[in-house]
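To start, the structure itself, in C-alpha cells.
FYI, it's all coordinate maths here, none of it is from the lab. Note that the coordinates shown come from a computational prediction; the quantities given were computed from them, not determined experimentally. All Cβ positions, even for glycine, are placed from backbone atoms using ideal geometry, and neighbour counts span all protein chains on display.
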C-alpha cells in the first residue's frame with residue numbers, strides 16, 4: 001500500500017459485507033473468504049475504499065457469527081487463516097482497507113473461557129462473566145430483559161447462580177469490570193492488528209458495563225401492545241453506562257499503538273447522545289456510527305432537521321459519518337422506494353462525513369420474503385410478530401441472472417428472491433442504473449475534494465427540495481435534491497457547471513439558477529467563482 005495516512009478514514013467510503021451472503025466458493029450455499037477474494041475486482045471497479053466484514057471467527061453461528069467460540073480463529077465454514085491473510089494482502093495491494101467486527105460484550109457459551117467460568121466459583125476465570133445469586137423471590141436477580149426475549153438471566157446448576165446474557169442464552173456477557181477480561185480482549189485486538197487489519201467496528205459498544213447495583217430497569221412510558229416485549233423496559237441500568245466510556249478509551253489506546261488504524265462503533269440511543277462516544281479529554285471512537293438517515297422520516301423538512309441535529313450533536317473537532325444500511329437494518333430501498341434510493345445515494349456521497357453502505361444497497365436490493373420454515377434470525381424465532389426479522393435484509397448478493405444469481409452452485413442459506421429483477425451484471429450493462437449512479441458519485445467524490453473534505457454549509461430547504469453546499473478553499477459545490485415524485489422548482493442564484501444528475505442523462509454542462517428538478521432528481525453543481 002501507499003505510505004499510511006493516519007486519517008485515511010475521513011475520505012474513505014466503507015462497504016459492509018456480511019460474508020455469509022456475499023459469494024460462495026464451494027457450493028455449500030454460504031459465502032466464504034475464497035468467494036470474497038473472487039469478487040475483489042468488483043470492489044475495485046465500484047470504487048470503495050474499505051471493507052467492513054461481519055464476524056469470521058469460529059462460532060456455532062446462532063446469531064450470524066456474533067456468538068464467538070474462539071476470537072483468534074477463522075470459522076472453517078468461511079475458510080482458513082491462510083485465506084484471511086491472503087485477503088488482507090490482496091486488499092492492500094489494491095489500496096483497499098479491511099476492518100473487522102469486534103464483539104467485546106459477550107462470547108458463545110462454547111468458548112473455553114465460559115467453560116472454565118461456569119465450572120466453579122473457585123476457577124481463575126470465575127468472574128470473567130456476570131454471575132449473581134437468585135433474587136428475593138428465588139428467581140432471577142432483577143427484571144433485566146434479553147434483547148431476544150425473556151429474562152436476561154440463565155440459571156447454572158453447577159455454580160448455583162445465574163449468568164447474564166444481553167442477547168441469546170448462548171451468548172453470556174463478559175464482565176468488563178474485570179481488568180483481566182479487558183486485557184484478554186485487548187490482546188484479541190492486537191492479534192488481528194498485527195495481521196494487518198486496518199481497524200474494527202465495535203459491536204454493541206454501549207452495553208459493555210452494567211449497573212453494579214443490579215437495579216431494576218423502569219417501564220418504558222412509550223410502550224404499548226405493539227412494542228416488542230424486550231423493549232417494554234427502558235435500559236437505564238444496562239445500556240450506555242458512564243463506565244463504558246472508560247472501556248472505549250482503553251480500546252482506543254490499543255488502536256493507537258498501531259499506525260493509521262480506525263475504531264468505529266455501534267452506539268445506542270438518540271442523536272443527541274452520540275457526541276460523547278467521540279471522547280473529550282481522552283479519545284474514544286473515531287467514528288460512532290450514525291443511522292440518522294435511516295431513522296428519519298423521508299421528507300425534506302425531517303431530513304433537513306435530522307442532518308442539522310446530528311451535526312450539532314457531535315464535537316466541533318469530530319469527524320461525522322453517515323450509514324444507510326447494515327446487516328441488522330431494514331433495506332432503505334424498501335423504505336423510500338427505488339426512485340428515491342437514487343436521491344439518497346447522492347445525499348450520502350455529498351454530505352460531509354464518511355459514508356457507509358451495505359452490500360446490495362448499490363443495486364437497490366429489497367427485503368426478500370422468508371417462508372416460516374426458512375427463518376433463522378433469533379429475533380423472529382424467539383420474539384416474532386413485531387417485524388424484527390433481519391433475514392430479509394441478509395439475503396445473498398445477486399451477481400447475475402444465472403441460477404442462484406451467481407452466488408452459489410448449491411442451495412443458498414437464505415432465499416434469493418427475484419434474481420432477474422435486480423442484479424449486478426444487469427446494472428453494470430445499464431449506464432443509467434442505480435449501480436452506475438453509485439460508481440459516478442464515488443468517482444465524483446474522489447475527483448472533487450470539496451465533497452470529501454470541505455465544510456458543510458446549510459441552506460434553507462423549500463418546496464420539497466433539500467439544499468446544501470460544500471466548500472473547500474475557493475471551490476463551492478451546490479447540491480439540490482428533490483425528495484418527491486413530482487417536478488419541483490429549485491430556487492438558487494448564480495451559475496455553475498452541472499457535475500451530475502441522479503438521472504445520469506446530463507452532466508458537465510453550464511447551468512444557471514433557478515432550475516426545474518424533475519421527479520426524484522438530484523443535481524450537483526460546481527459554482528462559478
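Points to keep in mind about this one:
- Burial ordering of 374, 261, 39, fewest other beta-carbon atoms within 10 Å first: 374, 39, 261
- Cα gyration tensor category, rounded, prolate or oblate, for the range 86-171 with a/c compared to 1.5: prolate
- Debye equation applied to the C-alpha atoms of the chain, log10 I(q)/I(0) at 0.10, 0.12 Å⁻¹: -0.83, -1.20
- Theoretical FRET efficiency, 1/(1+(r/R0)^6), r = Cβ-Cβ of residue 236 and residue 5, R0 60 Å, to 0.05: 0.90
- To the nearest ten degrees, helix 300-313 and the longest principal axis of the Cα atoms of the chain are 60 degrees apart.
- For the range 251-363, the Kirkwood hydrodynamic radius comes to 15.0 Å, computed from all pairs of different C-alpha atoms.
- Taking label positions 7 Å along the Cα-Cβ direction at both residue 505 and residue 212, the computed distance is 6.6 nm, reported to one decimal.
- Tensor-based shape of the range 391-529 (alpha-carbon gyration tensor, a/c under 1.5 rounded, otherwise prolate or oblate): prolate
- Between residue 187 and residue 446, the modelled label-to-label distance comes to 4.1 nm, taking each label 7 Å out from Cα in the direction of the beta carbon.
- Cα centroid separation, the range 311-385 to the range 91-170: 29 Å.
- Relative exposure of 120, 108, judged by other C-beta atoms within 10 Å (fewest first): 120, 108
- Each helix, a run of at least 4 DSSP H residues, gives -39500 (n - 2.57); summed and divided by the residues of the chain, these come to -6500 deg cm²/dmol at 222 nm.
- Calculated FRET efficiency for the pair residue 401/residue 281, C-beta based, R₀ 56 Å, to 0.05: 0.50
- Distance histogram for the range 114-233 (every C-alpha pair counted, 5 angstrom bins, percent rounded to whole numbers): 2, 10, 16, 20, 19, 14, 9, 6, 3, 1, 0
- Cβ-derived FRET efficiency at R0 41 Å, residue 420 paired with residue 224, nearest 0.05: 0.50
- Relative to the longest principal axis of the Cα atoms of the chain, helix 242-255 runs at roughly 70 degrees.
- The three principal axes of the C-alpha atoms in the range 454-527 carry coordinate ranges of 35, 25, 18 Å, sorted with the longest axis first.
- Prolate/oblate/rounded call for the range 32-71, Cα gyration tensor, a/c under 1.5 rounded: prolate
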